Structures are given as structure tokens and as C-alpha cells.
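Worksheet: one structure, shown below.
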Amino acid sequence: QVQLVESGGGLVQPGGSLRLSCVASGSIFSIYSMGWYRQAPGKQREWVAGITSGGSTNYADSVKGRFTVSRDNAKNTVYLEMNSLKPGDTGVYYCKAWWAAADYWGQGTQVTVSS
């Protein structure tokens, strides 16, 4: 069992930056692949970025070059650094952990990009 808690969301102007954090507890963090998803009002949840247990990263085309995902296994934490934010980045951002057949979600953190 893994518990995930996101933080770092907020209101930011277009072009601004935010860094989201997701702290995991309850299991061996380092074995899990981690991902960030987001859900805008009235839309389906979409994948944003992911990082494997070995540190390999992948990004959705919409955020490539602007967002960076990283992890600190010593702190049981995965980060999402978001730069050059756009209004279309607005939504609730969720952290996900998965390994084998198990997957776990956090409760989400709101990101609003608006002037």
C-alpha cells in the first residue's frame, strides 16, 4: 500500500512557474514508476509526465520542453517543475505510483493559470 500526498499547486500568471511535489509513504518508493496526470474542468484526466524507477522520463507533447519530472528516492518524493505555464495547463494535478499490477493515486492539487 502506498499513500501519496501532492502539494505546490496554486494560482500563477501565464508565463509563470510552479513546482509540484508528491510525497509517498507506506512502501519502498524506489521500486515504483511515478507519473503526473491532470484533469481540467469538464475533461478527462490526461497523462502529463512520468519517471521510471531507473530515472527515465517521458512527457506529453503538450508539456515537452516546459515541464520537468524528477525524483528523490531518499526523500520518497517526485517533483514536477512547470515553466512557461499557459491557461491550458489549468487543472487538478494528480500523482500516481505503479508497480506490477498495483497502482495508487494522490488526492490532487489545483493549478490555475490566469491573469
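I'd like to check something: does the stretch 39-46 contain any residue that is among the aliphatic types (A, V, I, L, M), open to solvent by less than 70 Å² (accessible area, probe 1.4 Å) and either farther than 15 Å from LEU4 by Cβ or assigned to a loop (DSSP other than H, G, I, E, B) (or both)?
Yes, some residue in the stretch 39-46 is among the aliphatic types (A, V, I, L, M), open to solvent by less than 70 Å² (accessible area, probe 1.4 Å) and either farther than 15 Å from LEU4 by Cβ or assigned to a loop (DSSP other than H, G, I, E, B) (or both).
Could you please let me know if ILE31 is modelled with pLDDT under 95 and among the β-branched types (Val, Ile, Thr)?
So ILE31 passes the test.
Out of all the residues in the stretch 1-31, which are in a loop (DSSP other than H, G, I, E, B), exposed (fewer than 14 other Cβ atoms within 10 Å of the Cβ) and of a type in the set (S, T, N, Q)?
Across the stretch 1-31, the qualifying residues are GLN1, GLN13, SER17.
Among what's in the stretch 58-102 and is open to solvent by 60 Å² or more (accessible area, probe 1.4 Å), in a strand (DSSP E or B) and touching a strand residue (DSSP E or B) at 6+ places or on another chain (Cβ under 6 Å), pick the residue that is nearest to CYS22 (Cα to Cα).
GLU81
The values are calculated or read from the model by the stated rules, or taken from the named source; none is laboratory data. Predicted model only: the values in this text are computed from it and were never measured. All Cβ positions, glycine included, derive from the backbone under ideal geometry; neighbour counts span all protein chains shown. We work out accessible area using only protein heavy atoms, side chains counted, and drop any ligands, DNA or RNA first. Shrake-Rupley method; radii C 1.70, N 1.55, O 1.52, S 1.80 Å.
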